[in-house]
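The values are calculated or read from the model by the stated rules, or taken from the named source; none is laboratory data. On a predicted model such as this, the values are computed, not experimentally measured, just so you know. Positions of Cβ are generated from backbone atoms using ideal geometry, with glycine treated the same way; all protein chains shown enter the neighbour counts. Only protein heavy atoms, including side chains, enter the accessible area calculation; ligands, DNA and RNA are left aside. Shrake-Rupley method; radii C 1.70, N 1.55, O 1.52, S 1.80 Å.
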Amino acid sequence: MPILTKHQIVRITDVMMQGGGASVGHAGIVADHLANANLAGYDSHGFIRIPQYLKEIEKGLVDPKAEPEVVGNHGGIFQMDGHSTFGQVVATRATEMAIEKARDHGVSLVSMGNLTHTGRIGTYPEMAAAAGLAAIMFTGWAGGPVATQAPFGGREGRLGSNPLAMAFPHAEGAPVLLDIATSITSEGTLRLYRNKEQDLPDTWVIDKNGVPSRNPNDFYDGGAQLPVGGMHGGHKGYALSLMMALFGGILGQIASPPGKIDRWAMWAGSTILAIDLGHMAPMETIRAEVQHMMKYLQDTPPMEGSSGVSFPGERSAKTRQERLAQGIPVDSTTWAQVEALFDQYGVRDQLADVLPSD
């Protein structure tokens, strides 16, 4: 199993995205995003995505050079057409705009349509929190081949994994951060278990006949993901997923003309809401109250078998520091899939100085 540094992942991704036709700027944004996902422990949304993105470019599903365009401007509300380019590029631009406009209006909302896979959703509210804002990101899709989550009570995928992310300023480099799929797990996590040839920890999926399963291959053989809550409490995850499809999918898509995204989803998009907390109270006061609350929760006596209470986002912050110091493990199957593309895209010599030694 190779151990890579952040620099290696950034460089490999950057060179390979450019090899696939991406502009220098777009390749850089995607490369930074994937490396930071790995650093935070979200391996399902990091280096493993390189083959997927290159295949989508090859199939014409991603325009690797298109520029996002603002197509609606209504005070603190903006609508952006991604023109089928990388979701990371569109969402990064949208988040930067949301931060800027929230400074003016106190609150801002930017919806995004006609964009591809946005990667680790928590990245974008995290950007806002680093700037002293609170933020919520809704991402949703429904219908089409990427709708792999079964509505509660159904046995066929009709919704995406439809993630929700929220961030609130706390401490430097460690905001309070929620980043969850509304399915029990993301498709990327199922891919990791499949690559490692491991069973799932629980019945996270159903097979093509609607039978609960721990085998990730059953999902890829015509099965579906279960909503958060699983077989008994999945009505809650299903409701959340539907709301992501409304706030993200419909609000994101509504201002965009039909595009390449229609090939893989009937409704798809994202929306970010940013709040400039400085309009409500001095930031020092807000941070002090947040830290007081987090300490109160962390001081909860641990239950039997527990190492204690942490706040949402704490584990990712710790993982980031550990991986910056020790490197990022990449499973052998993922590495083999990426390395197999070096010669196809003619980049092996260009990457010679960053490839791990055998």
Considering amide H positions built from the backbone, and no H for Pro or chain starts, which residues 5 or more places from Leu4, or on another chain, come under 5 Å of its amide H? Ile328, Val330
How much accessible area does His7 have with a 1.4 Å probe, in Å² rounded to the nearest 10? 120
Might you report the magnitude of the Cβ-based charge dipole of segment 1-101 about its Cα centre, with Lys and Arg at +1 and Asp and Glu at -1, to the nearest 20 debye? 240
Please compute the length gained on full extension between Leu297 and Arg103, using 0.36 nm multiplied by the number of residues separating them and subtracting their Cα-Cα distance. 66.8 nm
Percent RCO, i.e. relative contact order, over segment 122-180, from Cα pairs under 8 Å lying at least 6 residues apart: 37
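Taking the square root of 5 times each eigenvalue of the Cα gyration tensor, what semi-axes in Å does the equivalent ellipsoid of segment 14-154 have, largest first?
The answer is 24, 19, 17 Å, longest axis first.
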Using r as the Cβ-Cβ distance of Glu197 and Asp353, and R0 as 25 Å, what FRET efficiency do you calculate, to the nearest 0.05? 0.20
Within 10 Å, count the other beta carbons around each residue, average over each peptide in 304-311, 249-256, 173-180, and list them highest first. 249-256, 173-180, 304-311
Ranked order, Arg194, Arg120 - accessible area, probe 1.4 Å, largest first: Arg194, Arg120
With n ≥ 4 as the cut-off for DSSP H runs, can you work out [θ] at 222 nm for the chain, using -39500 (n - 2.57) per run divided by the number of residues, rounded to the nearest 500? -12000 deg cm²/dmol
Extent along principal axes [Cα atoms of segment 219-285; Å; largest to smallest]: 53, 38, 18
Treating only Lys and Arg (+1) and Asp and Glu (-1) as charged, each at its beta carbon, one finds that the chain has a dipole about its Cα centre, in Debye to the nearest 20, of 420
Cα-only radius of gyration and Dmax that characterise segment 170-310, units Å: 19.9, 56
Cα extents of the chain along the three principal axes, largest first, in whole Å? 56, 50, 44
Note, ³J(HN,Hα) from phi for segment 101-108, Karplus 6.51, -1.76, 1.60, rounded to Hz, x at Gly and Pro: 6, 5, 4, 7, 9, x, 9, 9
Note, segment 124-133: 3J(HN,Hα) by Karplus (6.51, -1.76, 1.60, θ = phi - 60°), whole Hz, Gly/Pro = x, goes 7, x, 4, 4, 5, 4, 5, 8, x, 10
Which whole-number percent is the relative contact order of the chain (Cα, under 8 Å, 6+ apart)? 22
Out of all Cα-Cα pairs in segment 109-237, roughly what percent, to the nearest whole number, are more than 24 Å apart? 35
